[in-house]
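Colleague: I am attaching a structure below and will ask some questions about it afterwards.
Nothing in this text is a laboratory measurement; each read-out follows from the coordinates by a stated rule. Computed from a predicted model, the values in this text were never measured in an experiment. Every residue, glycine among them, receives a Cβ derived from its backbone with ideal geometry; neighbour counts consider all protein chains shown.
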Amino acid sequence: MKKIHVLLLETGKNSNLDSYKLGLDFALELDKKDALAPYRQQFYIPRDSSGNDLIYMTGNSLGLQPKSTKEYIDKELEDWAHLGVEGHFKAKNPWLHYHEYLTKKMADVVGAKPIEVIVMNTLTVNLHLMMVSFYKPSKTKYKILIESDTFPSDRFAVESQLRHHGFDDKDGVILWKPRKGETLLHYEDLEKTLKNQGNEIALILIGAVNYYTGQYFDLKRITELGHQYGCAVGFDCAHGAGNVKLDLHNSGADFAVWCSYKYLNSGPGSLAGCFIHERHAYRKDLNRFTGWWSHNKATRFNMRNEFDQLPGAEGWQLSNPPILSMAAIKASLDIFDQVGMDALVEKSNKLTGYLEFLLDSLEESIVKIISPRNTNERGCQLSIQVINADKKLHHKLTKAGVITDWREPDVIRCAPVPLYNSFEDVYNLVERFKGILHEG
Ligand SMILES: *Cc1c(COP(=O)(O)O)cnc(C)c1O
């Protein structure tokens, strides 16, 4: 594995690319052979005003709606209409246990044990709850290490935790930065930082897949390193869940959080996931914020004042959760459960590899892929830098029916999602992109 890695870095190319060919026929042939192709029919693909399917490449921002979602939500609306409060016990899927219907399938998606996973709140809220438990600063060991291109919400959350504990929010943040003139991060640099400052760092919080570059980190390696220096280690998996095989349990991470509206297709602002490693499942010494949903299910409704902590990730819940949002998650997880992460990632590598191949074959030297070339170090997203381009390029792409995401100053993020994007989508994306570049 190591050898391949070095080779790829040296050549700057993904060696699997030789198997692809140019031309629309090849894309159509790949679609024909694709076992997951029928899943596209299970999603609503957004259309332009003339009724043509858009080329939707922003499943990393908001995943598309499964056609089944409405039915799942309607069922709960119906039960609410007919049963009122009794729905907690008598609905077809009794609401009292609703989060439990999601746990196993969500745990499978992120490679965790059911006791380690809970669907609750939203991502940034969960991040704070995890820091309440796992960010335990002392006077000398209080700093938080994040990657320099961290998603703004994570950075703001970290800074506010520092202030909350009475620390300076500038001095308390340590950045894992790319080297000069580079965009991806090197583990050696992280190792160096820990060697020099590990005794000051209380928490390491890294985006498992960086939202900007698409770099997928070695979670186990980072966790082992952090633990070696006595740091708690957590991951934000917003861009990882449903995209790569996270294997959270084996990573050994203390905690992880993710949202369900990106690759997990559960609707705008839908509930988030949270992972707390099994070794913390029965701990009573951890700080935590609690509510009635953290309390023993058997005695919850006795409404007594003696608190009895639920074991596992469930014990971090606060409130009774929104059933309508969980119904949308259930609809989506049923699809993930059918497909499985193995098949999904297999197609994903092919689909994104195809995009990489087509981009590499462009003659324009101003187009540069800044995401990792090694398929083990990325998910489906490719971040494409177009040197000297500005936002007009993005407007033109949108006008041409290609929905991508623009990041200043000059990066287009494209995420061909294996559940609903086709090889033909990728072909058309690059053709239209090429056309726009030629226009100048
Ligand atoms: C999408 C995303 C968020 C968004 O946070 P919400 O609380 O769901 O609004 C936060 N962090 C990362 C890394 C993200 O990718």
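Colleague: Among H186, P418, G252, pick out the residue whose Cα is farthest towards the positive end of the charge dipole of the chain, where Lys and Arg carry +1 and Asp and Glu carry -1 on C-beta, about the Cα centre.
Modeller: The one lying farthest along the dipole's positive direction is G252.
Colleague: Using a Förster distance of 35 angstrom, determine the FRET efficiency expected from the C-beta separation of N320 and S138, and round it to 0.05. Spell out each step's value before the answer.
Modeller: Values: r = 36 Å, r/R0 = 1.03.
After rounding, the FRET efficiency stands at 0.45.
Colleague: Report the label-to-label distance for D247 and Q338 in nanometres (one decimal), using points 7 Å from each Cα along the Cα→Cβ vector.
Modeller: With each label placed 7 Å out from Cα toward Cβ, I get 2.9 nm.
Colleague: Then there is this: Quote the FRET efficiency, to the nearest 0.05, computed for D48 versus K391 with a Förster distance R0 of 30 Å and r equal to the Cβ-Cβ distance. Spell out each step's value before the answer.
Modeller: On the way: r = 20 Å, r/R0 = 0.68.
Approximately 0.90, to the nearest 0.05.
Colleague: Would you please put 38-45, 371-378 in order of how densely packed they are, using the mean number of other Cβ atoms within 10 angstrom per residue and starting with the highest?
Modeller: Values: 38-45: 15.0, 371-378: 21.0.
Ranking the peptides 38-45, 371-378 by packing returns 371-378, 38-45.
Colleague: Can you run phi through the Karplus equation (6.51, -1.76, 1.60; θ = phi - 60°) for segment 164-171 and list ³J(HN,Hα) in whole Hz, with x for Gly and Pro?
Modeller: 4, 8, x, 9, 6, 7, 8, 4
Colleague: Run the numbers on segment 68-142 and let me know its relative contact order in percent, using alpha-carbon pairs under 8 Å that are six or more apart. Please list the in-between numbers first.
Modeller: Working: 31 pairs, mean separation 10.2, N = 75.
Relative contact order for segment 68-142 comes out at 14 percent.
Colleague: Okay, next question. Subtract the Cα-Cα distance of Q41 and H82 from 0.36 nm times their separation in residues, and report this length gain in nm to one decimal.
Modeller: Values: separation 41, 0.36 × 41 = 14.76 nm, distance 3.22 nm.
Here the answer is 11.5 nm.
Colleague: Here is a follow-up. List the residues whose amide H sits under 5 Å from the amide H of G240, counting only those 5 or more places along or on another chain, with H placed 1.01 Å from N in the peptide plane.
Modeller: Under 5 Å from the amide H of G240 lie the amide H atoms of V209, each far enough along the sequence or on another chain.
Colleague: Size of the dipole of the chain about the Cα centre, Lys and Arg at +1 and Asp and Glu at -1 on the beta carbon, nothing else charged, in debye to 20?
Modeller: Numbers: 53 positive and 56 negative charges, 139 e Å.
Magnitude of the dipole: close to 660 debye.
Colleague: Using a 7 Å offset from the Cα along the Cα-to-Cβ direction at both S160 and K284, what is the distance between the two label points in nm, to one decimal?
Modeller: Here the modelled spin labels are 3.2 nm apart.
Colleague: Follow-up question, since we're still on this one. Among T352, I366, L96, whose Cα lies farthest out toward the positive end of the dipole of the chain, if unit charges sit on the beta carbon of Lys, Arg (+1) and Asp, Glu (-1)?
Modeller: About the Cα centre, the residue reaching furthest to the positive side is L96.
Colleague: What is segment 349-390's relative contact order, in percent, from Cα pairs under 8 angstrom and six or more apart in sequence? Write down the numbers at each step before the final one.
Modeller: Details: 37 pairs, mean separation 18.1, N = 42.
This gives 43 percent for segment 349-390.
Colleague: Just want to confirm a number: the relative contact order over segment 71-338, from Cα pairs under 8 angstrom separated by 6+ residues, in percent. The partial results should precede the final answer.
Modeller: On the way: 475 pairs, mean separation 66.5, N = 268.
Result for segment 71-338 is 25 percent.
Colleague: Continuing with this model, one more query. Which cross-chain or sequence-distant (5 or more) residues have an amide H under 5 Å from the amide H of I174, H modelled 1.01 Å from N in plane?
Modeller: Long-range HN contacts for I174: I144, L145, I146.
Colleague: Excluding K399 itself, calculate the net charge of residues whose Cβ lies under 12 Å from the Cβ of K399, where each Lys or Arg counts +1 and each Asp or Glu counts -1.
Modeller: Details: positive: K392, K396, R432; negative: D48, E439.
Result for the neighbourhood of K399: +1.
Colleague: Would you grab the residues whose amide H sits under 5 Å from the one on Q65? Only those 5+ places off in sequence or on another chain, please, with H modelled 1.01 Å from N.
Modeller: Here Y44 satisfy the definition.
Colleague: State the Cα centre-to-centre distance between segment 415-432 and segment 178-226 in whole Å.
Modeller: Each part reduced to its Cα centre gives a spacing of 31 Å.
Colleague: Going 7 Å from the Cα of E408 along its beta-carbon direction, which residues of segment 192-213 have the amide nitrogen within less than 16 Å of the resulting point?
Modeller: none
Colleague: Hey, another quick one. Hey, with R₀ at 30 Å, roughly what FRET efficiency would V125 and F307 work out to, going by the Cβ-Cβ distance, to 0.05? Please report the intermediate quantities before stating the final value.
Modeller: On the way: r = 21 Å, r/R0 = 0.69.
Once the sixth-power term is evaluated, E becomes 0.90.
Colleague: On to the next question. I'd like the Karplus ³J(HN,Hα) series for segment 36-44: coefficients 6.51, -1.76, 1.60, θ = phi - 60°, whole numbers in Hz, and an x wherever there's a Gly or Pro.
Modeller: Ordered by residue, 3J(HN,Hα) equals 8, 3, x, 5, 3, 5, 8, 10, 7 Hz.
Colleague: Test of understanding: ordering R300, R413 by Cβ neighbours within 10 Å, fewest first, what list do you get?
Modeller: Working: R300 16, R413 22.
By the 10 Å Cβ count, ascending: R300, R413.
Colleague: Also, I was wondering about something else. I want to make sure I understand the PRE zone here: with the label point 7 angstrom from the Cα of L28 toward its beta carbon, which residues in segment 421-436 have backbone N atoms less than 12 Å away?
Modeller: Those under the cut-off are 424.
Colleague: Along its principal axes, what span do the Cα atoms of the chain show, with the longest given first and each in whole Å?
Modeller: Computed over the Cα atoms, the extents are 70, 61, 38 Å.
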